[in-house]
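K.L.:
Starting off with a structure, shown below.
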Amino acid sequence: MTAATDPDDSSGFKLSQLIYDTRYRAITIQVLTVLAVGWMAWELIGNLMSNLAARGKDVSFGFLLNPANYDITESLIPFSSTDTNLRATFVGLLNTLLVAFLGCILALIIGITAGVLRLSNNWIVAKLMTVYVEAFRNIPILLWIIAVFALLTEATPAPSAFRGDDPTSTMKLWDTVAITNRGTYIPRPIFEPGMGLVAIAFVLSIIGAIFFVRWSKKRFLETGKTLPNFWIALAIVFGVTALVFLVMGMPVSWSLPALTGFNFQGGLQINNPFLALWFALSLFTGAFIAEIVRGGILSVSKGQTEAAFALGMRPSKTMNLVILPQALRVIIPPIISQFLNLTKNSSLALAIGYVDLRGTIGGTTMNVTGRELECVILMMAIYLVISLIISSAMNLYNASVKLKER
Amino acid sequence: MNKSVFLGALTVAALSAGAAAAATLDDVKAAGVLKCGVNPGTPGFAAPDANGVYQGFDVDICRAVAAAVFGDATKVEYVPLDSSQRFTSLSTGEIDLLARNTTWTFVRDVDLKNEFVGVNYYDGQGFIVPKALGVSSAKELDGATVCIETGTTTELNLADYFRANSMSYQAVPVATFEEAQSQFLAGACDVYTTDASALAAARSAFATPSDYVVLPEIISKEPLGPLVRQDDGAWGDVARWTLNAMIAAEELGITSANVGEMAAGTDNPEINRMLGVEGGLGDMIGLPNDWVVQILTQVGNYGESFERNVGEDTPIGLSRGLNAQWKDGGLLYAPPFR
């Protein structure tokens, strides 16, 4: 045994040391594992290739440059049926990113609100939040998506109900918003020349506000005097922008939805599949985030609150300056997972006809071209990249709030 | 995995030796059951009856092939497939035969490595709208919202038709036939478009069919037919000649009622060859000599199957139209049994 662990006794290296010597054994096992995994991957790919060859199929991504031949109703960029499959994929990707982005924001708002309210001393509020969290956490997301979609479709009137001299439905908010079973139509701003200056003023005022907040913090550290930073910053941004907007003669007009032909035309159309997916994903993920937030807040010991109160801090300051900075350390990492889940869950969009990545490259393009393997590989790669980007961005944020050891 | 690697290698070896390795007919015989891909639910074409047994015009193709192979039309395992799964299921061998109102197109035949064995229903894409909309032609549909099943040829035809006529539309993509109907009935779309036969089937299932009209325009050719994998010509022959036998039997006047009598021998040599009285057609195709007799006894000829499932006396109420025998002005034309 001593000979095996102490190779100085023997002259030179023996092959048996690879197994019996603890210094080499770990390396031996790792090399063997890598070889085994590599061999399995090689066999799997070889198997796939020979099976594809046997069926006379090749692996080629050339179909991406062929015309897609189908139309996509919801598209953030211009798209027609003569555009390529690649562009269709891109349209789907943008739709996925749109619903994922808006979903993450809404889920965060809902989650933080519900999580904090569940800790409320008000019995009714706390119990209502408990009901919300438990109902959404414990029912599969697909059912919620379909349920919200069914609600939007069945409980709202068809566009034809708005027609005629004595319509059964009317537009809401002074005839500017139409809620139908196909979607919600809201006024769409049309920017006229001069709006560019307003946008520039908006950006400049944000930069100005950032400088103000920095100055104010510096002043606080030097003199101990505080200012209502948030409200002043808000006033700077909106005051300046509104001023420029008025000076330029209000360079914006509105396109209002109006019932012409089969549908409402004009305005901005927000389709029901998108709304249903957005709401369902946000409510579902929000329930998980609420629990994460509640857990994070509870993880900060009560003594911290009591100490803050003893120093004379108001409850809002206690929350913002004492509890949340400590709770965020616990909250952020699991919220990253929730954002990733939400993004991946958005691929259930197909069930209600929202054309996302799964509906383009993984749906119609795949069916029409029959290139299942290529489409699935591409789709997986895209989801992987999206998820990695989200998680690295959130990790950067996490690094800024985590415990700083001094 | 080792087994599939081995099988894959075998297939490559066999192909390089110039012989067809896939012997689906032998596999089906060994399994004792035909795995047949069908539509999950289109009344008249493929839908489970009150006992949960699939019935319909497409289902009859499955039953006919089972009757030809086993002499028993009930030896079928039905695999309900939606439009996006069907070709993958076939190419991976999950099913042996796909009889699911599938349009025969170049890409599906050539690029997807399928083999269409014939056409059992000549169809075309049409539109259905609520009568209250006051639309009488598809040319008036500019700006309409259209419900459409994703991943089907109908989606492509729709895009082509509206583009050719310089009209715009909003597509409401739906995954299944049932979903499309519920969306259409809820008014989430103005128009529902699919093959005219399926429109008739859908309309028959509506609460008040008379409130809906099928527009006169047929915007595409949709030859619907059963298909098999391309790598097995012998199995393709079985499916092809089963369909041909049903069509030829109607032309020659052989029905489920008189097939027993005719199987005893007739003056018509073609009938005798078909029914296995003369010649050895069964041996050539690898089936029992009475295979056509079994098809006709248990399933019936093309006309019988049509009238029973989708004909004018059924709720679907389709007329023969293009699907009449060539002698009657239709397109059905079976090659000779010789």
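K.L.:
Answer yes if at least one residue in the stretch B:194-204 is closer than 22 Å to A:PHE149 by Cβ and more than 9 Å from chain A (Cβ to nearest Cβ), and no otherwise. Write out each step before concluding.
P.N.:
Taking the stretch B:194-204 and keeping what is closer than 22 Å to A:PHE149 by Cβ, we get B:194, B:202.
Imposing the further condition that a residue be more than 9 Å from chain A (Cβ to nearest Cβ) reduces the set to B:194, B:202.
Looking for residues that are closer than 22 Å to A:PHE149 by Cβ and more than 9 Å from chain A (Cβ to nearest Cβ), one finds at least one in the stretch B:194-204, hence yes.
K.L.:
Restricting to the stretch B:319-338, give me the number of residues that are open to solvent by 20 Å² or more (accessible area, probe 1.4 Å) and in a loop (DSSP other than H, G, I, E, B). Give the derivation first.
P.N.:
Narrowing the stretch B:319-338 to residues open to solvent by 20 Å² or more (accessible area, probe 1.4 Å): B:319-322, B:326-329, B:331, B:333, B:335-336, B:338.
Adding the requirement that they be in a loop (DSSP other than H, G, I, E, B) leaves B:319-320, B:329, B:331, B:333, B:335-336, B:338.
Going through the stretch B:319-338 one residue at a time, the tally reaches 8.
K.L.:
Filter the stretch A:333-361 for residues that are at the interface with chain B (Cβ under 9 Å from one of its Cβ atoms) and without any contact (Cβ under 8 Å) to a residue 24 or more places away in the chain and give the result. Quick ask: steps written out before the conclusion?
P.N.:
Residues of the stretch A:333-361 that are at the interface with chain B (Cβ under 9 Å from one of its Cβ atoms), as a first pass: A:350-355, A:359.
Matches in the stretch A:333-361: A:LEU350 only.
K.L.:
Counting only residues that are over 17 Å from A:ILE112 (Cα atoms) and of a type in the set (Val, Ile, Thr), how many does the stretch A:305-320 have?
P.N.:
Residues meeting the conditions: 1.
K.L.:
Here is a check on your reading of the model: is A:LEU277 more than 30 Å from A:VAL322 (Cα to Cα) and under 26 Å from the mean Cα position of the chain (by Cα)?
P.N.:
On the way: more than 30 Å from A:VAL322 (Cα to Cα): yes; under 26 Å from the mean Cα position of the chain (by Cα): yes.
When the stated conditions are applied, A:LEU277 passes them.
K.L.:
Please state which of the following conditions A:LEU259 fails to meet, knowing it meets all the rest: (1) among the aliphatic types (A, V, I, L, M); (2) assigned to a helix (DSSP H, G or I); (3) within 14 Å of another protein chain (Cβ to nearest Cβ).
P.N.:
Going through the list (1) among the aliphatic types (A, V, I, L, M); (2) assigned to a helix (DSSP H, G or I); (3) within 14 Å of another protein chain (Cβ to nearest Cβ), A:LEU259 breaks only (2).
K.L.:
Right, next: Anything in the stretch B:97-111 that is buried (at least 20 other Cβ atoms within 10 Å of the Cβ) and part of a loop (DSSP other than H, G, I, E, B)? List them, or say none.
P.N.:
The answer is B:ALA99, B:ARG100, B:ASN101, B:THR102.
K.L.:
Can you name every residue in the stretch A:210-253 that is in a helix (DSSP H, G or I), β-branched (Val, Ile, Thr) and open to solvent by less than 100 Å² (accessible area, probe 1.4 Å)? Walk me through it before giving the result.
P.N.:
Initial filter on the stretch A:210-253 (in a helix (DSSP H, G or I)): A:210-223, A:229-247.
Checking which are β-branched (Val, Ile, Thr) leaves us with A:210, A:213, A:223, A:232, A:236-237, A:240-241, A:244, A:247.
Within the stretch A:210-253, A:ILE210, A:VAL213, A:THR223, A:ILE232, A:ILE236, A:VAL237, A:VAL240, A:THR241, A:VAL244 qualify.
K.L.:
Separate question: Report yes if A:ALA161 is surrounded by 13 or more Cβ atoms within 10 Å (Cβ to Cβ) and either within 12 Å of chain B (Cβ to nearest Cβ) or in contact with a strand residue (DSSP E or B) (Cβ under 7 Å, 6 or more places away or on another chain) (or both), otherwise no. First the steps, then the outcome.
P.N.:
Numbers: surrounded by 13 or more Cβ atoms within 10 Å (Cβ to Cβ): yes; either within 12 Å of chain B (Cβ to nearest Cβ) or in contact with a strand residue (DSSP E or B) (Cβ under 7 Å, 6 or more places away or on another chain) (or both): yes.
Answer is yes for this residue.
K.L.:
What pairs can you find where one residue is in the stretch B:155-182 and at the interface with chain A (Cβ under 8 Å from one of its Cβ atoms), the other is part of a helix (DSSP H, G or I) and hydroxyl-bearing (Ser, Thr, Tyr), and their Cβ atoms are less than 9 Å apart, with a gap of 6+ or different chains?
P.N.:
Qualifying pairs under 9 Å: B:GLU155/A:THR364; B:LEU156/A:THR364; B:PRO173/A:THR364; B:VAL174/B:SER182.
K.L.:
Which members of the stretch A:372-391 meet the condition of being within 24 Å of A:PRO67 (Cα to Cα) and more than 9 Å from chain B (Cβ to nearest Cβ)? Reasoning before the result, please.
P.N.:
The first filter runs over the stretch A:372-391 and keeps only residues within 24 Å of A:PRO67 (Cα to Cα), leaving A:372-383.
A:LEU373, A:GLU374, A:CYS375, A:VAL376, A:ILE377, A:LEU378, A:MET379, A:MET380, A:ALA381, A:ILE382, A:TYR383, listed by residue number.
K.L.:
Residues in the stretch A:43-81 that are touching a strand residue (DSSP E or B) at 6+ places or on another chain (Cβ under 6 Å), free of Cβ contacts under 8 Å to residues at least 40 places away in the same chain and within 9 Å of chain B (Cβ to nearest Cβ): how many?
P.N.:
1
K.L.:
Condition first: at the interface with another protein chain (Cβ under 10 Å from one of its Cβ atoms), touching a Lys or Arg at 6+ places or on another chain (Cβ under 8 Å) and either among the hydroxyl-bearing types (Ser, Thr, Tyr) or within 16 Å of B:TYR212 (Cα to Cα) (or both). Now tell me which residues in the stretch B:109-154 satisfy that.
P.N.:
Answer for the stretch B:109-154, where residues must be at the interface with another protein chain (Cβ under 10 Å from one of its Cβ atoms), touching a Lys or Arg at 6+ places or on another chain (Cβ under 8 Å) and either among the hydroxyl-bearing types (Ser, Thr, Tyr) or within 16 Å of B:TYR212 (Cα to Cα) (or both): just B:THR145.
K.L.:
In the stretch B:267-281, is there at least one residue being touching an Asp or Glu at 6+ places or on another chain (Cβ under 6 Å), open to solvent by less than 40 Å² (accessible area, probe 1.4 Å) and assigned to a strand (DSSP E or B)? Walk me through how you get there before you give the answer.
P.N.:
Taking the stretch B:267-281 and keeping what is touching an Asp or Glu at 6+ places or on another chain (Cβ under 6 Å), we get B:272, B:276.
Applying the additional criterion that residues be open to solvent by less than 40 Å² (accessible area, probe 1.4 Å) yields B:272, B:276.
Adding the requirement that they be assigned to a strand (DSSP E or B) leaves none.
No - not one qualifying residue is present in the stretch B:267-281.
K.L.:
Among (1) more than 25 Å from A:LEU152 (Cα to Cα); (2) of a type outside the set (Ser, Thr, Tyr); (3) part of a helix (DSSP H, G or I), which single condition is A:ALA280 missing?
P.N.:
Result: A:ALA280 fails condition (1) only.
K.L.:
A:ASN181 is checked against (1) farther than 14 Å from A:LEU275 by Cα; (2) in a loop (DSSP other than H, G, I, E, B); (3) not basic (Lys, Arg) and fails just one. What number does that condition carry?
P.N.:
(1)
K.L.:
Follow-up question, since we're still on this one. In a helix (DSSP H, G or I), small (Gly, Ala, Ser) and open to solvent by 10 Å² or more (accessible area, probe 1.4 Å): is that true of B:GLY303 in this structure? Talk me through it step by step, then tell me what you get.
P.N.:
Numbers: in a helix (DSSP H, G or I): yes; small (Gly, Ala, Ser): yes; open to solvent by 10 Å² or more (accessible area, probe 1.4 Å): no.
No, not satisfied.
K.L.:
Surrounded by fewer than 22 Cβ atoms within 10 Å (Cβ to Cβ) and under 28 Å from A:ILE352 (Cα atoms): is that true of B:SER197 in this structure? Write out each step before concluding.
P.N.:
Details: surrounded by fewer than 22 Cβ atoms within 10 Å (Cβ to Cβ): no; under 28 Å from A:ILE352 (Cα atoms): yes.
Here the answer is no, as B:SER197 does not meet what is asked.
K.L.:
Another question about this same structure. Got a sec? Which helices (runs of 4 or more DSSP H) wholly within the stretch A:305-401 have at least 1 residues that are closer than 27 Å to A:PHE136 by Cα, open to solvent by less than 40 Å² (accessible area, probe 1.4 Å) and among the small types (Gly, Ala, Ser)?
P.N.:
Details: elements: A:324-345, A:365-369, A:372-401.
Ranges flagged: A:324-345, A:372-401.
One line per residue, one yes/no per condition, for (1) surrounded by 15 or more Cβ atoms within 10 Å (Cβ to Cβ); (2) within 28 Å of A:GLU74 (Cα to Cα); (3) over 27 Å from the mean Cα position of the chain (by Cα); (4) at pLDDT 90 or above:
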site: A:VAL116; (1), (2), (3), (4): yes, no, no, no
site: A:LEU143; (1), (2), (3), (4): no, yes, no, yes
site: A:VAL148; (1), (2), (3), (4): yes, yes, no, yes
site: A:LEU173; (1), (2), (3), (4): no, yes, yes, no
site: A:ILE179; (1), (2), (3), (4): yes, yes, no, no
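K.L.:
Here is a further query. Could you grab me the full set of residues in the stretch B:213-233 that are within 14 Å of another protein chain (Cβ to nearest Cβ) and assigned to a strand (DSSP E or B)?
P.N.:
Scanning the stretch B:213-233 gives B:LEU227, B:VAL228, B:ARG229.
K.L.:
Restricting to the stretch B:93-108, name every residue that is within 11 Å of chain A (Cβ to nearest Cβ) and closer than 21 Å to B:SER220 by Cβ.
P.N.:
Quick first cut of the stretch B:93-108, residues within 11 Å of chain A (Cβ to nearest Cβ) only: B:93, B:105, B:107-108.
Residues satisfying the conditions are B:THR105, B:VAL107, B:ARG108.
K.L.:
Say whether the condition of being assigned to a loop (DSSP other than H, G, I, E, B) and either open to solvent by 40 Å² or more (accessible area, probe 1.4 Å) or of a type outside the set (Gly, Ala, Ser) (or both) is met by at least one residue in the stretch A:84-92.
P.N.:
First, the residues of the stretch A:84-92 that are assigned to a loop (DSSP other than H, G, I, E, B): none.
Within the stretch A:84-92, not a single residue is assigned to a loop (DSSP other than H, G, I, E, B) and either open to solvent by 40 Å² or more (accessible area, probe 1.4 Å) or of a type outside the set (Gly, Ala, Ser) (or both).
The values are calculated or read from the model by the stated rules, or taken from the named source; none is laboratory data. Nothing here was measured: the structure is a model prediction, and the numbers come from that model. Glycine also receives a Cβ, built like all others from the backbone with ideal geometry; neighbour counts cover every protein chain displayed. Each accessible area value is taken on the protein alone, full model and side chains, heavy atoms only, with ligands, DNA and RNA left out. Shrake-Rupley method; radii C 1.70, N 1.55, O 1.52, S 1.80 Å.
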